[in-house]
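J.: Dropping the structure in here first, questions after.
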There are 2 protein chains.
Amino acid sequence: MSNDSSARIATGLRAWIRDAAPGAQLPATRSLVREYGASPVTVQRALRRLAAEGLVESRPGVGTFVRAVRPARGPDFGWQTAALRTPRAELARVAGPLQTAPPEVQALHAGYPGPDLLPERLVRTALGRAARGAAATARPPAAGMPELRSWFASELADATPGHLSAVTARDVVVAPGSQSALASIFRALVAPGRPLLIESPTYWGALQAAHQAGVELVPVPSGADGPDPDVVDRSLRETGARAFYAQPSFANPTGAHWDVDRAEQVLAAVRAHGAFLVEDDWAHDFGIDAEVRPLAAHDDGGHVVYLRSLTKSVSPALRVAAVIARGPARDRILGDRAAESMYVSGLLQQAALEVVSDPGWRTHLRRLGGQLRERRDLLVAALREHAPSLALDVVPRGGLHLWGRLPDGTDTARLVRDCAAEGVWVAAGDEWFPAEPAAAYLRLTFIGPDPAGYPTAAAVVERAVGLQHG
Amino acid sequence: MSNDSSARIATGLRAWIRDAAPGAQLPATRSLVREYGASPVTVQRALRRLAAEGLVESRPGVGTFVRAVRPARGPDFGWQTAALRTPRAELARVAGPLQTAPPEVQALHAGYPGPDLLPERLVRTALGRAARGAAATARPPAAGMPELRSWFASELADATPGHLSAVTARDVVVAPGSQSALASIFRALVAPGRPLLIESPTYWGALQAAHQAGVELVPVPSGADGPDPDVVDRSLRETGARAFYAQPSFANPTGAHWDVDRAEQVLAAVRAHGAFLVEDDWAHDFGIDAEVRPLAAHDDGGHVVYLRSLTKSVSPALRVAAVIARGPARDRILGDRAAESMYVSGLLQQAALEVVSDPGWRTHLRRLGGQLRERRDLLVAALREHAPSLALDVVPRGGLHLWGRLPDGTDTARLVRDCAAEGVWVAAGDEWFPAEPAAAYLRLTFIGPDPAGYPTAAAVVERAVGLQHG
């Protein structure tokens, strides 16, 4: 009977606790006795029961309180695995090159230029001005700010020969960064389960976006000069693929830079198969010994879907990229962008436009080319002198990275760990391959914050190789 | 012979033109005569041929120039239709509510508060400060800035009763706006072709995101009090769906606000089927006569995936939203976000954090509630007096919209056109239905920029109805 009573009181108090804030004091025993018409002993039994359940704690002489500390044993989310099923593709939660290194580390694994290589003053001024202008509280059109679209179009139109019809602002779709642009391009151009040709090795972010879109990847080997046009032709024919993703200029990771003949031959193969070439011009602003000549400037048949981003060259905070495409392809891509994010922050678009319209932007790019040359040469020299086991097939004429081949049989994961233990972060080449890596590679960025430490870092890499091959 | 010669000259000049800038002057006839060893007549014939092809234009007495004006007939992109195939789902390129109205229009179709309802001073100050700080040139973690994630978590944890385990910053994934968050949630929780329960009518952006994800929509009728829990239960059972997308608080468009019992019953059905409730708390900051009590605060089993955005209440330029989810579901969503956009601009995250951390934010929200009440009441009164044909079942206790039913048989597209012709933009309810509309509805926002014009606008709507039913 008193057990029943205490259960009744406990039920009432559980409902009370459920709506109470953590730390709230329960009514005094005296008033509970009155409220429930029960003895003090029965009320105490109910309170002990709630304490055992972890819902309250009593502080002798003060009162009983809703537990502020949450139950130690976490909830069980096992049921979710039935609802979620096996994932279609394994998406890395945080890719290696995105990992943030502690400041004391020699970080050669990442791909984002630091503040010393950015037009920092221009960026801050442009953002400050945008914060005071209309863009701070307005919503731009889904395809992007007209002035910014015009700028992206004019950059490509300026490189277009006179006999070809140049792109216009209408062909431009602004996206919040090149990763979002890639995701939309793949979704818009290639249905799930359908084939997509892709260089191997290639940018890991593109691999992630392709996995997310659920397309079937068809790797096309790509070496120091880019892919073999005959292999592109054969792969398009064999698979029925209608799209080929490539980085014709300063490719990440290989540094390959297609010459004019190669570019025309690949374009011819793409045209012959009624297909798209997705040209990821990621390093447009990172020319060192050569300038980028976009393939998109030599096609007005809508075969090249062109992607250019300002995130890496202006600031990682300015997530602004552009897709330039013509015909129905452009409409599909815009439709996907609208469904994915409706529009891109007008503040970021306005600030990006101010930066690239400033005369200081060209000055910055010239200075940047010199900085990149100096750092590239320093890292190349350091590796050649202190890490002879790492073979550099190409000294890239632009971009941000070196791609070095390790002795056959090297365990790259172990090598990365061994280097990290010595304070040097490098990236295993494996992440850049759409299938098993063709060989053991390292990707090393030459925009790490401490160029003076390159020789030491190279020696660390060599020692780590020696641990496996010594 | 001279025909052959002119063809040879034309071929040579085409190559020259191809690499020339628009407007460049061709070599003089005299020098072409010399270069090609041809007569002036033959050179002229070649030039006329190029002019006929649209490649050059001659200015008598001046010279011949590469055409600056591109060919009038555009390229043919017909081949793309074979490559692109029929789209999986028709994605609207620019949805009705996103269309930008000219300033002279009474715009009751849209859903974004204008500057008069935004914390404009806070936004500009926060953006200006962020432009000067580290966030302007740095890259934040993929899941979002830790401090901002903590803020989102604490907002929900503060509403969580003491006996439940509250969410932490780890459960929060920052996204660039709620549309992007929705797209990721649907992709992460529901495989293509699998069913997703969704209220009918519901937010058109959610319908777009669901179409993009390729899921099968299962409409659940939802009226003034929200959906019938028995129908939710039956639909989950019949379809095997493992997720239900809903707006339990101030639903867009109906204004429905679930009471505590309704919320518990729907949650119970969702739990019983091992499913997720995707709670889109879009109007958290837009309470008028009631506050939002998130369902997510009453679930610690990982069943509620919670979405909250700051875009509408802080500024359309600050595309910042948060998904709060637990267990493997959170990991899947983060994986999709990383593949989709890698990270969200740290500048926008920093500015958003500054705004909501400022004491002025609470002051703003209180003032905003009053402004919304005043405008809602004005529009309701105007419609009741001047547009009696429009039936308002619910006067919403929060949100930004009214949902009015038109006489049966109204052609909503024609009504929208007729109103627009009189300078009043309204939105046909059709866009909020995942299937055929259950009846003819209009959605009218009460945050239009000209409240004094509401009576006139209401009269316009009534006249337009009269044109069809008079």
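J.: Which members of segment B:16-51 meet the condition of being of a type in the set (A, V, I, L, M), crowded, with 18+ Cβ neighbours inside 10 Å and touching a Gly at 6+ places or on another chain (Cβ under 8 Å)?
T.: The answer is B:Ile17, B:Ala20, B:Leu26.
J.: Among the residues of segment A:304-328, count how many are surrounded by 24 or more Cβ atoms within 10 Å (Cβ to Cβ) and closer than 27 Å to A:Ala268 by Cβ.
T.: Counting residues in segment A:304-328 that are surrounded by 24 or more Cβ atoms within 10 Å (Cβ to Cβ) and closer than 27 Å to A:Ala268 by Cβ gives 10.
J.: If you don't mind, there's one more thing I want to ask. Can you name the residue in segment A:110-145 that is among the hydroxyl-bearing types (Ser, Thr, Tyr) and more than 30 Å from B:Leu98 (Cα to Cα) and is also least open to solvent (accessible area, probe 1.4 Å) among such residues?
T.: A:Tyr112
J.: Okay, next question. Do the conditions hold for B:Ser154, that is, is it polar (S, T, N, Q), open to solvent by less than 20 Å² (accessible area, probe 1.4 Å) and closer than 29 Å to B:Gly111 by Cβ?
T.: It is false that B:Ser154 is polar (S, T, N, Q), open to solvent by less than 20 Å² (accessible area, probe 1.4 Å) and closer than 29 Å to B:Gly111 by Cβ.
J.: Is there a residue being crowded, with 23+ Cβ neighbours inside 10 Å, at pLDDT 95 or above and over 30 Å from A:Val320 (Cβ atoms) anywhere in segment A:430-450?
T.: Looking through segment A:430-450, at least one residue is crowded, with 23+ Cβ neighbours inside 10 Å, at pLDDT 95 or above and over 30 Å from A:Val320 (Cβ atoms).
J.: Does at least one position in segment A:251-272 carry a residue that is within 20 Å of A:Ser184 (Cβ to Cβ) and either of a type in the set (Phe, Trp, Tyr) or facing another protein chain (nearest Cβ under 10 Å) (or both)?
T.: Within segment A:251-272, none of the residues are within 20 Å of A:Ser184 (Cβ to Cβ) and either of a type in the set (Phe, Trp, Tyr) or facing another protein chain (nearest Cβ under 10 Å) (or both).
J.: From the list A:Val266, A:Val270, A:Val220, which residue is at pLDDT 95 or above, touching a Ser or Thr at 6+ places or on another chain (Cβ under 7 Å) and crowded, with 22+ Cβ neighbours inside 10 Å?
T.: A:Val220
J.: Okay, next question. From the residues in segment B:194-209 that are within 10 Å of another protein chain (Cβ to nearest Cβ) and over 28 Å from A:Asp76 (Cα atoms), which one is surrounded by the most Cβ atoms within 10 Å (Cβ to Cβ)?
T.: That would be B:Ala209.
J.: When you scan segment B:403-420, do you find a residue that is outside the structural domain of B:Pro316 (by TED's automatic domain parsing), modelled with pLDDT under 95 and touching a Ser or Thr at 6+ places or on another chain (Cβ under 8 Å), even just one?
T.: No: zero hits.
J.: Filter segment B:62-111 for residues that are within 16 Å of B:Gln208 (Cβ to Cβ), part of a loop (DSSP other than H, G, I, E, B) and facing chain A (nearest Cβ under 8 Å); which is modelled with the highest pLDDT?
T.: B:Pro87
J.: Is it true that A:Leu127 is under 19 Å from A:Ala317 (Cβ atoms), within 10 Å of another protein chain (Cβ to nearest Cβ), aliphatic (A, V, I, L, M) and not in a loop (DSSP other than H, G, I, E, B)?
T.: yes
J.: Any idea which residue in segment A:160-186 is surrounded by the most Cβ atoms within 10 Å (Cβ to Cβ), counting only those that are modelled with pLDDT under 95 and more than 7 Å from chain B (Cβ to nearest Cβ)?
T.: A:Val167
J.: From (1) touching a Phe, Trp or Tyr at 6+ places or on another chain (Cβ under 8 Å); (2) more than 12 Å from every other protein chain (Cβ to nearest Cβ), pick out the condition that doesn't hold for B:Arg242.
T.: (2)
J.: Being among the basic types (Lys, Arg) and touching an Asp or Glu at 6+ places or on another chain (Cβ under 6 Å) narrows it down to one residue among B:Arg85, B:Arg132, B:Arg187, B:Arg139; which is it?
T.: None of the other options fit; the residue is B:Arg187.
J.: Further question on the same structure: Can you pull out every residue in segment B:231-262 that is out of contact with any helix residue (DSSP H, G or I) (no Cβ under 8 Å at 6 or more places or on another chain) and over 23 Å from B:Phe286 (Cα atoms)?
T.: Answer for segment B:231-262, where residues must be out of contact with any helix residue (DSSP H, G or I) (no Cβ under 8 Å at 6 or more places or on another chain) and over 23 Å from B:Phe286 (Cα atoms): B:Val231, B:Arg234, B:Ser235, B:Arg237, B:Glu238, B:Thr239, B:Gly240.
J.: Among the residues of segment B:329-367, which ones are basic (Lys, Arg) and crowded, with 24+ Cβ neighbours inside 10 Å?
T.: Once the filter is applied, which keeps residues that are basic (Lys, Arg) and crowded, with 24+ Cβ neighbours inside 10 Å, segment B:329-367 yields only B:Arg337.
The values are calculated or read from the model by the stated rules, or taken from the named source; none is laboratory data. Computed from a predicted structure; not experimentally measured. Every residue, glycine among them, receives a Cβ derived from its backbone with ideal geometry; neighbour counts consider all protein chains shown. For the accessible areas, the whole protein counts, side chains as well, though only heavy atoms, and no ligand, DNA or RNA atoms are used. Shrake-Rupley method; radii C 1.70, N 1.55, O 1.52, S 1.80 Å.
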